[in-house]
1. Which cross-chain or sequence-distant (5 or more) residues have an amide H under 5 Å from the amide H of Phe27, H modelled 1.01 Å from N in plane?
2. What GluC sites (Glu not before Pro) in the range 132-172 are in a loop by DSSP, with at most 15 other Cβ atoms within 10 Å of the Cβ?
3. List the residues, sorted by chain then number, that are 5 or more residues from His2 or on another chain and whose placed amide H is less than 5 Å from its amide H.
4. Ranked highest first by the average count of other Cβ atoms within 10 Å around their residues, in what order do 139-151, 74-86 fall?
5. Which order do Thr63, Thr160 take by accessible area at a 1.4 Å probe, largest first?
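The values are calculated or read from the model by the stated rules, or taken from the named source; none is laboratory data. Keep in mind that this is a model prediction, so the values were computed, not measured. FYI the Cβ positions are ideal-geometry reconstructions off the backbone, even for glycines, and counts take in every protein chain you see. All accessible areas refer to the heavy atoms of the entire protein, side chains included, with ligands and DNA or RNA removed. Shrake-Rupley method; radii C 1.70, N 1.55, O 1.52, S 1.80 Å.
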Amino acid sequence: MHTIIAGRFELHDQADAAVAALRQAGFQRDALAAFYLNPNGQHDIYPIGGDDESSPGARHSGTGAAKGGGVGAVVGAVAGAATAPIIGPVGIAIGAGIGAYTGSLVGAVSSTDKESDVDEQTGEPAELQPKVTERAPGVLVAVRVDDPSRQQAIDILRATGAADIEHAQGELSDGRWKDFDPRAVVQCV
């Protein structure tokens, strides 16, 4: 594991200037990495895209749809039974179908709304959860440092206009931050 100092830049020109300044200060080319960081949620970690296996707000919508569909089917069948003397037994089936569809839609939407109110792991209200600092999009310039060169790298990144500077542990070699996780909690310097 290496100690890595990284700075985020709004423009490629700023990032290029930072890399040049770090090189001029004696940091080796294979100890530097520069790459564009996409906005949160757009890192394509999964084959279908995105950063999560499923949308956090939709995790319980399937259960809500099933419950709502069952209730809606029963209510619809009862309503359809009232029309049976006029249109026959098909009224029960039509009522049950319309009720199931409407109930599943209402159940899915109402379950989705509840997701943002309570944290799934702790059960606490969302507003009581600590806020996690996420990386903003931009060009990230990362440099592998040791204890004596750490402050020098921070100073160079600040002097060249880094918007955010962070400290991390990871594998940076051959000009690539090999174990970079765009979702990791940022430890600002």
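1. Amide H to amide H, under 5 Å and 5 or more residues apart or across chains, Phe27 pairs with nothing.
2. Here the GluC sites (Glu not before Pro) that fit, given the DSSP loop and packing criteria, are Glu134, Glu171.
3. Gly170, Glu171, Leu172
4. For the peptides 139-151, 74-86, the packing ranking is 139-151, 74-86.
5. Thr63, Thr160
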